[in-house]
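Participant: This is the structure I want to talk about, given as structure tokens.
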Amino acid sequence: MKKTLIAACAITMSTLTACGGSSSAGDDSNDDTITMGFAQVGAESGWRTANTKSIQEEAKAAGVDLKFSDAQQKQENQIKAIRSYIQQKVDVIAFSPVVETGWDTVLLEAKRAGIPVILTDRAVDSDDDSLYETFLGSDFVLEGEKAGQWLVDNVADADVDGDGAVNVVELQGTTGAAPAIDRKTGFESVIFAEDSISVVASQTGDFTRDGGKKVMESFLKSEKGIDVVYAHNDDMGLGAIEAIEAAGLTPGEDVKIITVDAVKDGMAALAEGKINFIVECNPLLGPQLMDLAKKVLAGEDVPKRVVTEESTFTQEEAVEALPDRQY
Ligand code: GYE
């Protein structure tokens, strides 16, 4: 009962900065409140916006005092944020690493300070898995495989100009980011089996709409006979749609489009026939993150890897799912 009261008090405190008039500096009545430092990648996409909202809302609901920072897609900003969370002696650090490599030093600093780290959404590439407690997020290789499988299954339709060669241009996510590396690998591993399909150009659009548009504009100038766009996220696919339309072509027909995420804007374009297939990537990681943080801090065992469940959407499925889509 006391615990419940303290938790309720803590929630109120974050908004009202007072609780029953009894709280003051040095008062340890809030010791049960978990403080989490979260270092977010940025605000590059619809997926990221939904992810941030989920984390902020669930922290509030779980009575977790959340310190949140936006790294604007820069690793050095994330490292700074993590160092400041260590200095502030937060109870737990969670972050979504903008790129895979280069984390060992700062993660070691957290470990030495006795602060557990939870990887959220994206993985780090490190030989030392004692540097983090668990990694919660999608299987990006599987997402790439699903995208590739749809193309293999629809290879005849995808040969838009009927010349026997399916020319794919790829809009990659942020260079060095786990989802960019893995979605490329997964896709390639599946299309490899089909001789007629080849990736004729591949460049980063940094997971943004503007990036996708610019790269697609340049592909439309430099490449002949583009049949398919494979975009590592919806936002870049939506940017590519703008470039394709501006070139006088019909997206979804003259050029087939495959994307990953399934955020509302992507689903709307899929339902409208401008995108042909979307592989879902779930951004609503807040509830599982808060749950894992509580377990880690209570000394309970947690799995080293927690994979989120996801599906895929065709145009018909998007028409059905769209009215209930939350993000
Ligand atoms: O797919 C993309 C975002 O890391 C899974 O990052 C995330 C990716 C997501 O910018 O839209």
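Participant: Please indicate, with yes or no, whether at least one residue in segment 164-171 is assigned by TED's automatic domain parsing to the domain that holds Val255 and within 19 Å of the chain's Cα centre (by Cα).
Facilitator: Yes, there is a match, as at least one residue in segment 164-171 is assigned by TED's automatic domain parsing to the domain that holds Val255 and within 19 Å of the chain's Cα centre (by Cα).
Participant: Glu100 - would you say it is modelled with pLDDT of 95 or more, assigned to a helix (DSSP H, G or I) and within 30 Å of Thr312 (Cβ to Cβ)? Write out each step before concluding.
Facilitator: Values: modelled with pLDDT of 95 or more: yes; assigned to a helix (DSSP H, G or I): no; within 30 Å of Thr312 (Cβ to Cβ): yes.
No; evaluated as a whole, the condition is false for this residue.
Participant: What are the residues in segment 220-243 that are crowded, with 21+ Cβ neighbours inside 10 Å, more than 15 Å from the ligand (Cβ to nearest atom) and either in contact (Cβ under 8 Å) with a residue 60 or more places away in the chain or not β-branched (Val, Ile, Thr) (or both), if any?
Facilitator: Quick first cut of segment 220-243, residues crowded, with 21+ Cβ neighbours inside 10 Å only: 226-241, 243.
After this cut, where a residue has to be more than 15 Å from the ligand (Cβ to nearest atom) as well, the list is 226-229, 241, 243.
Asp227, Val228, Val229, Ala243, listed by residue number.
Participant: Mind counting the residues in segment 83-93 that are within 15 Å of Leu66 (Cβ to Cβ) and either part of a helix (DSSP H, G or I) or touching a Phe, Trp or Tyr at 6+ places or on another chain (Cβ under 7 Å) (or both)?
Facilitator: Here the count works out to 3.
Participant: Of (1) surrounded by fewer than 22 Cβ atoms within 10 Å (Cβ to Cβ); (2) over 18 Å from Gly144 (Cα atoms); (3) within 14 Å of the ligand (Cβ to nearest atom), Glu280 satisfies all except one. Which?
Facilitator: (2)
Participant: Now for a separate question. Inside segment 288-309, can you point out the residues that are at pLDDT 95 or above and within 20 Å of Lys146 (Cα to Cα)?
Facilitator: Residues of segment 288-309 at pLDDT 95 or above: 288-308.
Correct list: Val306, Val307, Thr308.
Participant: I need a count of the residues in segment 283-318 that are of a type in the set (A, V, I, L, M, F, W, C), closer than 23 Å to Phe207 by Cβ and surrounded by fewer than 16 Cβ atoms within 10 Å (Cβ to Cβ). Let's see the steps before the verdict.
Facilitator: Of the residues in segment 283-318, the ones of a type in the set (A, V, I, L, M, F, W, C) are 284-285, 289-290, 292-293, 296-298, 302, 306-307, 313, 318.
Retained after the next criterion (residues that are closer than 23 Å to Phe207 by Cβ): 284-285, 289, 306-307, 313, 318.
Narrowing the set further to residues that are surrounded by fewer than 16 Cβ atoms within 10 Å (Cβ to Cβ) leaves 307.
Of the residues in that region, 1 qualify.
Participant: For Gln73, state whether it is touching a residue at least 60 places away in the same chain (Cβ under 8 Å) and within 21 Å of the chain's Cα centre (by Cα).
Facilitator: Working: touching a residue at least 60 places away in the same chain (Cβ under 8 Å): yes; within 21 Å of the chain's Cα centre (by Cα): yes.
Against the criterion (touching a residue at least 60 places away in the same chain (Cβ under 8 Å) and within 21 Å of the chain's Cα centre (by Cα)), Gln73 qualifies.
Participant: Does Leu238 satisfy the criteria of being within 30 Å of Lys111 (Cβ to Cβ), more than 16 Å from the chain's Cα centre (by Cα) and aliphatic (A, V, I, L, M)?
Facilitator: So Leu238 fails the test.
Participant: Then there's this: Please tell me if Glu76 is closer than 30 Å to Thr259 by Cα and either of a type in the set (Phe, Trp, Tyr) or more than 16 Å from the ligand (Cβ to nearest atom) (or both).
Facilitator: Details: closer than 30 Å to Thr259 by Cα: yes; either of a type in the set (Phe, Trp, Tyr) or more than 16 Å from the ligand (Cβ to nearest atom) (or both): yes.
Yes; evaluated as a whole, the condition is true for this residue.
Participant: Which residues, taken from segment 121-175, are on the phi > 0 side of the Ramachandran plot and away from the ligand (no atom under 12 Å from the Cβ)?
Facilitator: Residues satisfying the conditions are Gly162, Gly164.
Participant: Among the residues that make up segment 35-46, is at least one of them at pLDDT 95 or above, part of a helix (DSSP H, G or I) and either within 14 Å of the ligand (Cβ to nearest atom) or of a type outside the set (Gly, Ala, Ser) (or both)? Break it down stepwise before answering.
Facilitator: The initial filter retains those residues of segment 35-46 that are at pLDDT 95 or above, namely 35-46.
Still in the running and part of a helix (DSSP H, G or I): 46.
Keeping just the survivors that are either within 14 Å of the ligand (Cβ to nearest atom) or of a type outside the set (Gly, Ala, Ser) (or both) gives 46.
The answer is yes, given that some residue of segment 35-46 is at pLDDT 95 or above, part of a helix (DSSP H, G or I) and either within 14 Å of the ligand (Cβ to nearest atom) or of a type outside the set (Gly, Ala, Ser) (or both).
Participant: Mind telling me which of the residues Ser130, Ser198, Ser126 ends up being without any contact (Cβ under 8 Å) to a residue 60 or more places away in the chain, hydroxyl-bearing (Ser, Thr, Tyr), within 30 Å of Thr250 (Cα to Cα) and surrounded by fewer than 23 Cβ atoms within 10 Å (Cβ to Cβ)? Before the answer, list the steps.
Facilitator: Values: Ser130 fails: within 30 Å of Thr250 (Cα to Cα); Ser126 fails: within 30 Å of Thr250 (Cα to Cα).
Checking each option against the conditions leaves just Ser198.
Participant: Which members of segment 75-94 meet the condition of being crowded, with 22+ Cβ neighbours inside 10 Å and either within 20 Å of Thr33 (Cβ to Cβ) or of a type in the set (Lys, Arg) (or both)?
Facilitator: Of everything in segment 75-94, those that are crowded, with 22+ Cβ neighbours inside 10 Å and either within 20 Å of Thr33 (Cβ to Cβ) or of a type in the set (Lys, Arg) (or both) turn out to be Tyr85, Val90, Val92, Ile93, Ala94.
Participant: Right, here's the next one. Quick one: is Asp254 surrounded by fewer than 16 Cβ atoms within 10 Å (Cβ to Cβ), acidic (Asp, Glu) and away from the ligand (no atom under 14 Å from the Cβ)?
Facilitator: Numbers: surrounded by fewer than 16 Cβ atoms within 10 Å (Cβ to Cβ): yes; acidic (Asp, Glu): yes; away from the ligand (no atom under 14 Å from the Cβ): yes.
In short, yes.
Participant: Still on this structure, please answer the following. So the check is Cβ under 6 Å with 6+ separation or different chains; which pairs have a first residue in segment 267-292 that's within 21 Å of Ala158 (Cα to Cα) and a second one that's of a type in the set (Lys, Arg)?
Facilitator: Taking only residues 6 or more apart or on different chains, the pairs are Met267/Arg325; Asn276/Lys256; Val279/Lys146.
The values are calculated or read from the model by the stated rules, or taken from the named source; none is laboratory data. Every value quoted in this text rests on a predicted model; they were computed, and no experiment measured them. Every residue, glycine among them, receives a Cβ derived from its backbone with ideal geometry; neighbour counts consider all protein chains shown.
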